[in-house]
Structures are given as C-alpha cells and as structure tokens.
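Notes follow once the structure below has been shown.
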Amino acid sequence: MVKVYGITTCGSVKKAIAFFKAKVVPYSFIDLKSTQISESKLSEWLSKQPMSIMFNTKGTKFKTLGLTKEISDAEKRGWLLREQLLFKRPIVECEDGALLVGFDEEVYTKKFA
C-alpha cells in the first residue's frame, strides 16, 4: 500500500488520490496538518529526494512566512520540521521504497502501470 502525505485542499494531492482511485492502487492518506513529520522521517525522505524537490518555494506558506529562495538547506530543514505546509505535495511513499514528490501523471503512470 502506498502512503500519500499531503493536505486535503491541495490540488496536486487531489489529482494523486484521483489517480490512485482510478487505477485501483491501494493507498493510505496522512494529513500534514495533523501529523508531525519526525526528524528521522525527514532524513529518510532527503536520502531519496533532494531538498530542492522537497521544499516548496511556490506555495502560500512560503510567501506568508516571507522566506527567500536564498535560505540554506539547513535552514530549509528546520523550517520543514516546524511548518509542514512547506513540503511540496503530495509526498508518496511507494512499496518498493521509492519516494515521489509532487504530481506528474506520466511518472505515476509508469510507476503504477
């Protein structure tokens, strides 16, 4: 079963869930508004995807916090542990250990064909 991390109001998360339902891929949803991501989970994710992919500089939360794109990876890590809405969404943990970030229908179709 894949694990989908995100928020229910996110358009990309909605697309991913619709994809999994259409393809009959079993999934569980973890809401980033109510589930705290641990430092060890963040380290695990960062071993599979770079900070540049994990950290969302285009979202509302990034803008409302007044952050700049020049902050260091160490600063980004600290922010991700405090403000989970800074994660690019959805984050999908696959059964084979792969980690997908964001929604790309082509990538999903290849992965779950």
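Annotations for the structure displayed:
- All C-alpha pair distances within segment 41-100, sorted into 5 Å bins from zero, spread as 4, 18, 33, 23, 14, 6, 2, 0 percent across the bins.
- The chain - percent relative contact order, Cα under 8 Å, separation 6 or more: 37 percent
- For segment 55-113, trypsin sites (Lys or Arg not before Pro) are listed when DSSP marks them as loop and at most 10 other Cβ atoms sit within 10 Å of their Cβ; the list is LYS58, LYS69.
- Restricting the calculation to Cα atoms, segment 1-79 shows an Rg/Rh of 0.99 when the hydrodynamic-style radius is the Kirkwood one.
- Placing pseudo-labels 7 Å out from each Cα toward the beta carbon at ALA98 and GLU70 gives an inter-label distance of 3.8 nm.
- Charge tally for VAL2 (other residues, Cβ to Cβ under 13 Å; Lys, Arg +1; Asp, Glu -1): +1.
- SER43-SER12 pseudo-label distance in nm [points 7 Å out on the Cα-to-Cβ vector]: 2.5 nm
Just so you know, all these numbers are worked out from the coordinates, no wet-lab data involved. As the structure is a computational prediction, the values presented were derived from the model and not from experiment. With ideal geometry, Cβ positions are generated from the backbone for all residues, glycine too; neighbour counts draw on all protein chains shown.
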